[in-house]
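Chemist: Can you read through this structure? Questions will come right after.
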Amino acid sequence: MNESQVEIARKDPNRVFILDTTLRDGEQSPGAHLNAEEKLRIAHQLATLGVDVIEAGFPISSPGDFEACKRIAREIEGPVITALARAVKEDIDAVWNAIKDAARPQIHIVLSVSDIHIERKLKLTRDEVLKRGVEAVKYAKELCEEVEYSPEDAGRADRDYLVETVERVIDAGATVINIPDTTGYCMPEEFGALIEYVIKNVRHPERAIFSVHCHNDLGLATANTLAGIRAGARRAECTINGIGERAGNTSLEEVVMAIRTRKDFFGLYTGIDTTQLMRTSRLVSQLTGIMVQPNKAIVGANAFAHASGIHQDGILKDKINYEIMKPQDVGFEESRIYLSARSGRHAFRHRLKQLGIHLEEPEFTKAWNAFLALADRKKEVTDLDLETLIADHVPQAVEHWILDTVQVTTGNKSLPMATVILRDKNNNQVEGASSGDGPIDAIIKAISKATGVEAELVDYKVGAIEPGEDAVGGVSLTLKYNDQIYNGHGADTDILVASTKAYIAALNKLLTGERRTATA
């Protein structure tokens with residue numbers, strides 16, 4: 001039989017348990033809706049991530065949520081499976097019927113504890129609320145061994161009434177006490193002091209594990225959660241990417257990596273496989289439709305990206321200069337040098353080396369100048385941009401022909417026409433014009449007329465361009481001439497211009513006698 005978290009915590013006080021409520025509180029984000037299949041996919045990934053508890057949903061809310069909870073309880077192995085109920089019999093029955101097939105089920109009950117909620121929301125007295133909470137726990141305990149109780153809005157509650165509530169529900173059988181800062185109202189020092197006060201003043205706190213659940217209305221959810229853990233809580237309720245009601249919940253990845261990175265400060269650990277954080281983050285973002293902001297801690301696109309020339313120089317000398325975590329520890333492949341107009345020659349040369357591009361100084365200077373010109377037009381120069389830039393500006397064959405001008409007219413009701421003007425090594429101009437079955441065909445025929453060389457186009461590919469309206473398009477193509485194969489590459493923000501450059505690059509190789517054997 002599996003040990004309860006209370007039993008584990010008694011033996012190992014440095015272990016912090018992670019409850020993930022992405023499928024319940026996280027799904028309450030405006031616009032985020034998950035069907036049963038999507039919830040199950042996320043639940044499988046959460047189990048792979050190593051969360052200790054999955055809060056699968058709010059079964060009484062809809063038949064769909066009930067079925068999703070039921071499938072998760074039946075199919076997910078490893079974590080405790082819980083679901084939320086208000087302190088009423090019908091809700092508790094719905095939770096139990098949804099999760100009872102889980103290997104490790106838990107019923108989670110929530111009921112207000114602040115006078116604001118008691119008077120203005122429930123319109124009851126403190127005694128009536130306390131009685132309702134105790135009765136709900138007792139009833140749930142008859143169904144399930146593990147019962148969590150959350151006194152809602154504890155962050156704004158009277159401390160002594162909160163302590164009394166916690167004592168009474170522990171006596172009734174609650175095994176987990178979750179102290180929520182439901183409205184994100186508390187300051188970290190304040191919330192930490194609240195957790196410490198409750199644990200110190202409750203009789204027999206060892207009979208339950210204390211948890212924290214913080215919202216991010218003032219941007220303090222992670223700070224408050226960590227303060228609560230330092231004060232003695234040993235379970236944190238979080239969501240992936242920090243999604244949730246209003247401004248969201250505590251971000252799981254932030255709490256986990258703070259504890260891991262600053263083990264010297266906390267002296268604690270979790271059971272999370274941190275290398276799965278990025279994969280989990282992307283899955284949740286994809287299925288909920290809620291994008292992760294680029295500067296989001298731990299899992300944002302820029303979390304391990306460096307744009308400043310000073311930072312890039314420091315990172316290239318020793319990553320510890322500016323990185324407190326290894327990107328691989330959270331699932332990134334590596335740090336990213338963000339090449340832009342602010343980057344220096346050191347970063348540019350390093351990126352070329354990573355791409356396997358080795359240039360002598362004259363070619364490097366030419367590539368550097370081309371990079372600076374491109375960087376002035378773009379926010380970021382990507383790896384694909386660099387590869388196409390090098391192919392375009394550092395030619396690997398004699399430039400028999402250089403593009404001067406290309407003009408193309410096309411449309412759904414007109415015949416595509418292309419005109420090209422080329423210059424040879426002696427700066428003499430030749431011109432060709434032609435129609436074609438499409439704009440690319442018209443360009444090729446126009447070049448053939450201008451140069452007198454007719455080659456067969458056997459392959460044409462547009463590069464896997466990264467998103468962005470200012471992205472450079474990369475075209476790779478293959479020509480066949482006298483049974484020999486010649487490859488060309490071109491780049492431009494206009495894909496037709498890129499195609500023209502690619503054809504001319506291949507043509508120059510053909511004319512220089514550079515032959516590359518076709519590969520399967």
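Chemist: Restricting to the range 255-287, what's the tally of residues that are farther than 20 Å from PRO79 by Cβ, outside any loop (DSSP other than H, G, I, E, B) and not hydrophobic (A, V, I, L, M, F, W, C)?
Modeler: Counting residues in the range 255-287 that are farther than 20 Å from PRO79 by Cβ, outside any loop (DSSP other than H, G, I, E, B) and not hydrophobic (A, V, I, L, M, F, W, C) gives 6.
Chemist: Okay, moving on. Of these, GLY242, GLY173, which one is touching a helix residue (DSSP H, G or I) at 6+ places or on another chain (Cβ under 9 Å), at positive phi and surrounded by fewer than 24 Cβ atoms within 10 Å (Cβ to Cβ)?
Modeler: GLY173
Chemist: Of all residues being under 21 Å from LEU386 (Cα atoms) and touching a residue at least 24 places away in the same chain (Cβ under 8 Å) in the range 478-491, which is surrounded by the fewest Cβ atoms within 10 Å (Cβ to Cβ)? Just the residue, please.
Modeler: By that ranking, first place goes to ASN487.
Chemist: Quick one: GLN45 ticks every box in (1) in a helix (DSSP H, G or I); (2) out of contact with any helix residue (DSSP H, G or I) (no Cβ under 7 Å at 6 or more places or on another chain) except a single one, so which number is it?
Modeler: It fails just one condition, (2).
Chemist: Would you point out the residue of the range 439-464, among those that are crowded, with 17+ Cβ neighbours inside 10 Å and not in a helix (DSSP H, G or I), that is modelled with the lowest pLDDT?
Modeler: So the residue we want is GLY463.
Chemist: Using beta carbons and a limit of 6 Å, which pairs, at least six apart or on different chains, have the first residue in the range 330-344 and touching a residue at least 60 places away in the same chain (Cβ under 8 Å) and the second one part of a loop (DSSP other than H, G, I, E, B) and crowded, with 20+ Cβ neighbours inside 10 Å?
Modeler: VAL330/ILE298
Chemist: Say we look at the range 86-130 and pick out the residues that are out of contact with any helix residue (DSSP H, G or I) (no Cβ under 9 Å at 6 or more places or on another chain) and not hydrophobic (A, V, I, L, M, F, W, C); which of these is nearest to VAL198 (Cα to Cα)?
Modeler: The qualifying residue nearest to VAL198 (Cα to Cα) is ASP127.
Chemist: Does SER285 count as in contact with a helix residue (DSSP H, G or I) (Cβ under 6 Å, 6 or more places away or on another chain) and either farther than 30 Å from ALA36 by Cα or surrounded by 16 or more Cβ atoms within 10 Å (Cβ to Cβ) (or both)?
Modeler: No: the conditions fail for SER285.
Chemist: Of (1) assigned by TED's automatic domain parsing to the domain that holds PHE210; (2) at pLDDT below 90, LEU339 satisfies all except one. Which?
Modeler: (1)
Chemist: From the residues in the range 88-103 that are within 27 Å of VAL163 (Cα to Cα) and crowded, with 22+ Cβ neighbours inside 10 Å, which one is nearest to the chain's Cα centre (by Cα)?
Modeler: VAL95
Chemist: From (1) farther than 27 Å from ALA370 by Cβ; (2) of a type outside the set (S, T, N, Q); (3) modelled with pLDDT of 90 or more; (4) not in a loop (DSSP other than H, G, I, E, B), pick out the condition that doesn't hold for VAL420.
Modeler: Every listed condition holds for VAL420 apart from (1).
Chemist: Please state which one of LYS100, LYS123, LYS89, LYS138 is within 26 Å of THR183 (Cβ to Cβ) and assigned by TED's automatic domain parsing to the domain that holds GLY50.
Modeler: Result of the check over LYS100, LYS123, LYS89, LYS138: LYS123.
Chemist: How many residues are touching a residue at least 40 places away in the same chain (Cβ under 8 Å), farther than 13 Å from GLN45 by Cβ and hydrophobic (A, V, I, L, M, F, W, C) if we restrict to the range 269-304?
Modeler: Selection size over the range 269-304: 5.
Chemist: So which residues in the range 206-242 are part of a loop (DSSP other than H, G, I, E, B) and out of contact with any strand residue (DSSP E or B) (no Cβ under 7 Å at 6 or more places or on another chain), if there are any at all?
Modeler: Selection gives ASP217, LEU218, GLY219, LEU220, ALA231.
Chemist: Hey, another quick one. Restricting the search to the range 104-151, which residues are surrounded by fewer than 20 Cβ atoms within 10 Å (Cβ to Cβ), charged (D, E, K, R) and under 18 Å from VAL166 (Cα atoms)?
Modeler: ASP115, ARG126, ASP127, GLU128, LYS131, ARG132, GLU135, LYS138, LYS141, GLU145
Chemist: If you go through the range 127-147, how many residues are more than 30 Å from GLU3 (Cα to Cα) and either touching a Phe, Trp or Tyr at 6+ places or on another chain (Cβ under 6 Å) or not in a helix (DSSP H, G or I) (or both)?
Modeler: 0
Chemist: Has the range 17-33 got any residue that is among the aliphatic types (A, V, I, L, M), part of a helix (DSSP H, G or I) and crowded, with 17+ Cβ neighbours inside 10 Å?
Modeler: Within the range 17-33, not a single residue is among the aliphatic types (A, V, I, L, M), part of a helix (DSSP H, G or I) and crowded, with 17+ Cβ neighbours inside 10 Å.
The values are calculated or read from the model by the stated rules, or taken from the named source; none is laboratory data. Here the structure is a predicted model, which is why all the values come from computation and not from measurement. Counting neighbours? That spans all protein chains shown, and the Cβs are built from the backbone with ideal geometry, glycine included.
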